[in-house]
Amino acid sequence: MDIFKVRGGAPLQGEVRASGAKNATTKLLVASLLSDKKSVFHNVPDIGDVEVTVDLCKEIGAEIQWDRAAGIIEIQTKELKSSYIPQRFSGSNRIPILMIGALLGRTEEDIIVPTSGGCPIGTRPVDFHIEALRSLGATIEYRNMKQEGAYFAHAHSGLQGAIITLPFPSVGATENTILAAVRAKGTTVIKNAAIEPEVVDMILYLQKLGANIALDVDRTIRIQGTRKFFDVEHHIISDRIEAASFAMAAVGTKGRVFVKGADHLHMITFLNKMREIGAGFSIKNNGIEFYYDGPLQGGLHIETDVHPGFMTDWQQPFVALLTQSAGSSVIHETVYENRFGYTMMLKEMGADIELFKQCLGGRECRYAGQNFYHSVIVKGPTPLHGKSISIPDLRAGFAYVLAGLMSQEEMIISGIHFVKRGYEDLLGKLQNLGGQIEQTTLPGSASDTKRDKNLQPILAVI
């Protein structure tokens, strides 16, 4: 088993490049399956989730060349050799469910997708996906299959454009509906759609591919069905989650780090909260510099939300940062109902964190009265002590790494395959910034790299 050994006390200093966005890259690879044309993607991160998605696309017929050093993938699916997603991909990530939308208009065969995976951060039902695709004319049913079950989908009579209103602006449901609508006849209107930068990046790619697609006001996306496609070259946006992670690491260790590629527009809400706690940052032409600018102040109120709100994936490391901020802060999680489990380990390290089932926010959320611990109060500053910790999911993983970098004692972190699935060369980047972190393998245990190669069901947030 591979582990990180982390010790704090060293301010991070220097420059780091934000890699291509995980949550854009994986979806764009699936979107390329809509046509038989070649797509060339630049700024591709060399991470586990991309590797799994590449294997998934190859499984159904994609021809792929991946220059990992250059960050370039060429992908072309001249013909589908299968529309069955094997069960071994069921726990790999949340990508397989998007295969339904991507393939409905390209094959008359049944599309078989195993039950979706994901981190244990709360239920992420696919009923929004299914109902939207049915509105376009798809036939979808769930069947028990082996031990887990699978979705069977087809559109033998073709897809027809429709007006669809999503109950919640789900990123996955929006993307799945867009993919299906590109090959549907007529016009599809998606109301209450997700408008995250990664969704917009997919829209830009699909327009290059040949789709007539527009993002209107009030979360409305309009897609005019098409059957004519073109070769595409596309540069993937930078990962705003990774950029924010290094920003918090710089400030939390009392250092100064320039995050090359950090996009101001995509991080407005995050930057406002950083300014509220007294963190320093300076916007440059090609990135953002973050630095410690004196003692951090708490007293914040944060509610996670869909874009342009505060990202749920920023929440975990921000909670770790707030343990070093003077005063009490409130965080209300409105996107996932079970995303504060990681705080128990922070409490064991010395953090003063209290969980609540109530909505500690300006508005009630969909988890009101449902007995989920979805609000916390963080009091600081508190010294963090070293401890052996096992990472439960991707974003909690970075929160633990950050806690270790801010601790004065050594931390042993296992389960590092989680962070490797979302952060490109995290170890090397932190070491280049002066972070006291190293990786080693415990004697007598299998390495996480080998486990990833075997595509065991390691879960990742999408």
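Taken together, the values in this text are just the output of simple stated rules run on the coordinates, not laboratory data. Please read these numbers as outputs of a predicted model, since none were measured by experiment. FYI the Cβ positions are ideal-geometry reconstructions off the backbone, even for glycines, and counts take in every protein chain you see.
Calculate, in nm to one decimal, what Gln431 and Phe152 gain on full extension: separation in residues at 0.36 nm each, minus their alpha carbon distance.
Values: separation 279, 0.36 × 279 = 100.44 nm, distance 4.66 nm.
That works out to 95.8 nm of additional length.
Relative to the compact-globule scaling 2.2 N^0.38 Å, provide the ratio for the alpha-carbon radius of gyration of segment 22-226.
Values: Rg = 15.6 Å, N = 205, 2.2 N^0.38 = 16.6 Å.
Computed over Cα atoms of segment 22-226, the ratio equals 0.94.
Please give every one of the lysines within straight-line cross-link reach of Lys260, meaning a C-alpha to C-alpha distance under 21 Å, and leave out same-chain neighbours fewer than 8 residues apart.
Straight-line reach from Lys260, under 21 Å: Lys22, Lys273, Lys284, Lys420, Lys429.
Using a basic spin-label model with each label point 7 Å from the Cα along Cα→Cβ, how many nm lie between Lys347 and Ile412?
Here the modelled spin labels are 2.4 nm apart.
Just to be sure I understand the curve: with the Debye formula and one point per C-alpha of segment 1-45, what is log10 I(q)/I(0) at q = 0.20, 0.32 Å⁻¹?
So the normalised log intensities are -0.81, -1.13.
Quickly rank 272-283, 64-75 as a protection proxy: mean count of other C-beta atoms within 10 Å, highest first. Before the final figure, lay out the partial values.
Numbers: 272-283: 16.8, 64-75: 15.1.
Per-residue mean Cβ counts within 10 Å order the peptides as 272-283, 64-75.
Could you tell me which trypsin sites (Lys or Arg not before Pro) in segment 123-218 are loop residues by DSSP with no more than 10 other beta carbons within 10 angstrom of their beta carbon? Before the final figure, lay out each step's value.
Working: sites: Arg134, Arg143, Lys146, Arg183, Lys185, Lys191, Lys208; in loops: Lys146, Arg183.
Those that pass, being in a loop and sparsely packed, are Lys146.
Taking a ≥ b ≥ c as the square roots of the Cα gyration tensor eigenvalues, with a/c under 1.5 meaning rounded and otherwise prolate when a/b beats b/c, else oblate, which class fits segment 246-348? All intermediate terms of the calculation are to be shown ahead of the outcome.
Numbers: a/c = 1.86, a/b = 1.29, b/c = 1.44.
Oblate shape, in that a/c is at least 1.5 and b/c is the bigger or equal ratio.
Ranked highest first by average number of other Cβ atoms within 10 Å, how do 364-370, 387-393 line up?
Answer by packing, highest mean first, reads 387-393, 364-370.
Tell me which aspartates and glutamates have Cα within less than 16 Å of Lys37's Cα, excluding those fewer than 8 residues away on the same chain?
Candidates past the 8-residue exclusion: Glu63, Glu74, Glu79, Asp231, Glu233.
Apply the Kirkwood formula to the chain: the hydrodynamic radius equals the inverse of the mean of 1/r over all pairs of different alpha-carbon atoms; give it in Å with one decimal. Mind showing how you got there, number by number?
Details: mean 1/r = 0.0443 Å⁻¹.
Result for the chain stands at 22.6 Å.
Can you tell me the order of 76-85, 52-61, 23-32 when each peptide is scored by its average per-residue count of other Cβ atoms within 10 angstrom, highest first?
On the way: 76-85: 16.4, 52-61: 19.9, 23-32: 25.9.
Per-residue Cβ counts within 10 Å, averaged per peptide and sorted highest first, yield 23-32, 52-61, 76-85.
What number, rounded to the nearest 500 deg cm²/dmol, is the helix-based mean residue ellipticity at 222 nm of the chain, given -39500 (n - 2.57) per DSSP H run of at least four residues and division by all its residues?
Details: 14 runs with 131 residues, N = 462.
After summing the helix terms and dividing by the residues of the chain, the value is -8000 deg cm²/dmol.
Can you pull the one-decimal nm distance between simple spin-label points at Ile268 and Tyr142, each 7 Å off the Cα toward Cβ?
Each label point lies 7 Å from its Cα, and together they span 3.8 nm.
Kirkwood hydrodynamic radius, segment 203-297, all distinct C-alpha pairs: what's the number in Å? Before the final figure, lay out each step's value.
Details: mean 1/r = 0.0639 Å⁻¹.
Every distinct Cα pair counted, the radius reaches 15.7 Å.
For segment 142-174, which chymotrypsin sites (Phe, Trp or Tyr not before Pro) pass both filters: DSSP loop (anything but H, G, I, E, B) and at most 14 other C-beta atoms within 10 Å? Mind showing how you got there, number by number?
Details: sites: Tyr142, Tyr151, Phe152; in loops: none.
The qualifying sites: there are none.
Only bridges whose two residues both fall in the chain count here: according to DSSP, what percent of them are antiparallel, nearest 5?
Working: 59 of 81 bridges.
So the antiparallel bridges amount to about 75 percent of the total.
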